[in-house]
Structure formats: structure tokens, C-alpha cells
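Bear in mind that the values in this text are calculations on the coordinates, not laboratory data. None of the values given here were measured: they were computed from a predicted structure. We place every Cβ from the backbone using ideal geometry, glycine too, and count neighbours over all the protein chains shown.
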Amino acid sequence: MMTVIDINAYLGHWPFRRLRGNTAAELVALMDRKGISAAVVSSLDAILYKNCQAGNEDLAADVAAYPERLIPFATVNPTYAAWEEDVAHCQEVWGMKGLRIFPAYHGYTLRDDACAKLMAVARERDLPVALPLRMEDRRQQHWMDTAEDISPRDVGELVGRFPDVKFMVLNGIGDPVDWATFRDAQVLIDISRLSHLRLRALPRDVSIPTLIDQLGADKLAFGTGIPISYPDPALLKVDILEADEGVKEQLCWRNAAQMLGLSV
């Protein structure tokens, strides 16, 4: 069985609906059933806590029993007091391997000074920055969840401004940006919301095969969005993708392992 590293998973609660498989033990059991070797996880609770660090603290405790399976990323709000000290604690004390940011929930944009300061800290500490473009499809959002999707063009600008920062772009790419920006950057795009088939009927195709052609197989990585989303569609996409085993290995684990500095 091929190694699979999921770069897009979570633990904790989402206030707008009940989730299954959202504790560490339940998530690992689900991963066992689905053949997922390891997963990058952050705290869902931390997204909407006034102080994200409380959620990061819970995450550190939750993943402690599964050091080979769950790879913790800290949730960071660069507009909150003492966030830099929190990042240092997450990395140096709790061993977190990266950061996840949620501008739409934390009241800043990718062009703000607060974001630029966070990128500088991530670069200095060599921490990948994971950026979900959305948490849920807007058509299914709770009426009190008013967060807008992050624009792929804004992400492209951010990636271009900070070429020394490692990025994980999660939950879809949407309308493509200047591909050269991504091609020359340290970036992984997760496949959770991408089609495994070329979308020839659309004016702009952002399917997995087209992204491989445009960017190279080293720019894509396996991701599911569990427990908010089911893992089966992403697994099926890889299974039926018309690509050789070497490309599938890159998507399933090699690219993620390289960015995370893992030996698999």
C-alpha cells in the first residue's frame, strides 16, 4: 500500500455543525480504515477562539499520543497580542511543524502589514504556512458564518512577494493566477477540491492533470479536509488519476514529506 500524507485535516469542533472523527483517536482510526499514513492537523476550535493559543494548547495535548501519525500546525492570528511569542512556544515547546492562517475569520487581508509580519516570522523559523481558501462551500455555510473565500489571485500575489516562504494552498485553487508565480515558489496545492479530469468545457481549467502540466507534479499534494469533508473523494481521485506511479507518489507523500522535512 502506498504511503499517504494528508496535508489538510483538523481536530476539534466546528460551531456550525456536528462532526465525526474529530478527536485524535477517532481521526487516527479513520485514517487506518482509509489507508492514510499521516495527517497535518490544526485546531478547528482555535479558528474562532478569541485567543488562538488556547486551541493550539489543546491540539498539542491531543496529538501527543500519535507522534508518527498527526503532524500539528499552529493556528495563528497576527492581529492578536503576543502572537509572535505564541508561535515560538508552538514550535519550540510543542514541536509544531507549521502555521495555518485564516484571514477571513481573523479580520485582515493577505495584503495587510500584519500578514507581512507573519510571513517574516514563518521565513525566519522555516515554518510552512497553510492557507485554506475556504472552510466550507459558501452555498452550505451557516447564516452566521459570513467568511468570504480567499481570492486565488491574492494568494498568487502573496506567494510572489514572499518566495522564501513555504506555502500550502488548501481547499481549492479556483480561478487560476499567473502560473509562473506558483511555478517559481515553494508551494503545494492540495487536491481536495480539484477534478481528476481535464475540464475542457470550462474557459480556465484547474484540474489535477492541467496543474501537473502547468506547474509540475511537485506542486500538488494529497489533502482531504477531514473531518469537515469525507476523505473518500480525494482517495478516489488519486486511484483513478491517469498518471504513472511516480507522479502518484509525489502527490500522495513525497512532496509533503519534502516540505515538512519528514523521512518516510
Chain lengthening between A81 and W94 when straightened (0.36 nm per residue, less Cα-Cα):
2.7 nm
Please report how many Lys pairs in the range 5-260 have alpha carbons closer than 17 angstrom, counting only residues at least 8 apart along the chain or sitting on separate chains.
8
Say a paramagnetic label sat at a point 7 Å from the Cα of D58, along Cα to Cβ; which residues of the range 75-92 have their backbone N under 17 Å from it?
75-77
Cβ-placed point charges (K, R +1; D, E -1), dipole of the range 5-260 about Cα centre in debye, nearest 20
520 debye
GNM on the chain, Cα springs under 10 Å; top mean-square fluctuation among Q214, Q53, Q250 goes to Q214
So the label point goes 7 Å from the Cα of M2 along Cα→C-beta, right? Which residues of the range 216-234 then have their backbone N under 11 Å from it?
222
